[in-house]
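What follows is a short report on a single structure.
The values are calculated or read from the model by the stated rules, or taken from the named source; none is laboratory data. Values in this document were obtained by computation on a predicted structure and should not be read as measured data. Cβ coordinates were reconstructed from backbone atoms using ideal geometry, including for glycine residues, and neighbour counts include every protein chain displayed.
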DNA sequence: GACAAGAGTTATGTATACAAGATCGGATCC
DNA sequence: GGATCCGATCTTGTATACATAACTCTTGTC
């Protein structure tokens, strides 16, 4: 089963470079480094006890991943993603996940079936306990299980990359209204469609599950504004 | 109208770094640097008259773009993409283009309408003249016109990136059989669907246009084998 | 004669030194 | 009083030097 540890396409890490990259990336994804924050090389180098060279390397990789912006001669800042662009990204994510679901419906094996059901159960448990963070975590595993069942390695990589990039915003979304219960219900529909080998239904269910449409756009903007105010 | 010159997401270029990156990238995309070729830093540095530092930077960017593989401590080689992976990539490309077409059908403006028709005419002219290279070039512009009309900036970037990566292989494909005439006919259908605001038809037409299915898979493998033999 | 172990060589990873553009502050002019 | 121009400082971009892991060729042994 494919997981995020797949070396291909995500690699390109020198010795210390990867560690630094992961380290900084984590701080961005968890929000410890807020969008707009400057990333000066010298302080980072000092903090990690290395020279500027591996820091520059890590920053360039993060830039390639879209997590930071590097403007020539003007340094790096944590990427600021506006609402409109976020909607665009979720739209593409929805399409990719729909594709994964369609393929999964056609290609999934016994092991995938088991993994999907297990992930769904874990989601149910987390939702029942009302623990948003736990649900967030299980939700992630659930989606990865779908990607894996698509048996398209390149698609899996693309989904993983985009999913990671949208991570913080998915978390925000879950906090809104009773999105948690809704999300779980959608998961059930997705699994049902996949296990029934109904690719069209799986794709549709996932598209609807991911896409930001109608009032959810407003929710997202509100969340963003709230998060920004909290960070500042 | 969006073109490939959009700085966002593709950028992260220092002063000389971008130039080097483009330079090496071109040699890979045109096949001058065949898959599997080692990319040693010192010779490259000597050739471009710079030190190893900007060369390493360019290589890391190419690695992030998936054009080369960097194995820690073991140097960089031009990425070798096997047939199965290529099929996976074309499948994702088909899906992204289908999405672009669906959005374009719903969102295109007057200017996009004109651009699409102009690009289609150019394709017709190139096909009539039987000039494969000219058609290849116009074909590219045609697809970019579709991306642009989707009005989803993130999708446009993703399409551009993947399109560029698949460039050499699309070229190979055109050489096969009378794919050129078939391709033109498919283009006509796509434009018709988009202009008629029929998103579903546009998506389907593009999916079929891009995807590698049935005998086209065999054609691709044969082309690859031929190209490899020619390069060696 | 073939295989394995070890030293020498080569190439990559990292640190540091140097060059040059960008930012910020102050002084001058309108 | 405000804006603009110029210089000092800081930060990035590039070059070079050094450390270390990988490769290779040789040599010795079975």
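Residue-wise test of (1) part of a helix (DSSP H, G or I); (2) closer than 23 Å to residue A:126 by Cβ.
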| position | (1), (2) |
| --- | --- |
| A:170 | yes, yes |
| A:185 | yes, yes |
| A:197 | no, no |
| A:218 | yes, no |
| A:222 | yes, no |
Point to revise | Selection within the stretch B:51-65 - under 16 Å from residue B:25 (Cβ atoms) and surrounded by fewer than 20 Cβ atoms within 10 Å (Cβ to Cβ) | key: B:65
Check your understanding: If you go through the stretch B:38-61 one residue at a time, do you hit one that is away from DNA strand D (no atom under 16 Å from the Cβ) and at pLDDT 95 or above?
Key -> no
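For (1) away from chain A (no Cβ under 14 Å); (2) closer than 24 Å to residue B:34 by Cβ; (3) under 13 Å from the mean Cα position of the chain (by Cα), each residue gets a yes or a no:
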position: B:87; (1), (2), (3): no, yes, no
position: B:100; (1), (2), (3): no, no, no
position: B:118; (1), (2), (3): yes, no, no
position: B:167; (1), (2), (3): yes, yes, yes
position: B:178; (1), (2), (3): yes, no, no
position: B:184; (1), (2), (3): yes, no, no
position: B:191; (1), (2), (3): yes, no, no
Point to revise | Output for the stretch B:42-61, where each listed residue is more than 9 Å from DNA strand C (Cβ to nearest atom) and facing chain A (nearest Cβ under 9 Å) | key: B:57, B:61
Point to revise | Subset tally (residues that are in contact (Cβ under 8 Å) with a residue 40 or more places away in the chain, within 22 Å of residue B:63 (Cα to Cα) and assigned to a loop (DSSP other than H, G, I, E, B)) for the stretch A:21-72 | key: 2
Practice item. Filter the stretch A:70-85 down to the residues that are in contact with a helix residue (DSSP H, G or I) (Cβ under 9 Å, 6 or more places away or on another chain) and over 28 Å from residue A:213 (Cβ atoms), then identify the one that is farthest from the other protein chains (Cβ to nearest Cβ). Key: A:75
Review point. Within the stretch A:156-163, is even one residue without any contact (Cβ under 8 Å) to a residue 60 or more places away in the chain and in a helix (DSSP H, G or I)?
Key: no
Exercise for review: For the stretch A:24-37, enumerate the residues that are more than 15 Å from DNA strand D (Cβ to nearest atom) and touching a helix residue (DSSP H, G or I) at 6+ places or on another chain (Cβ under 7 Å).
Suggested key: A:25, A:29, A:31, A:34
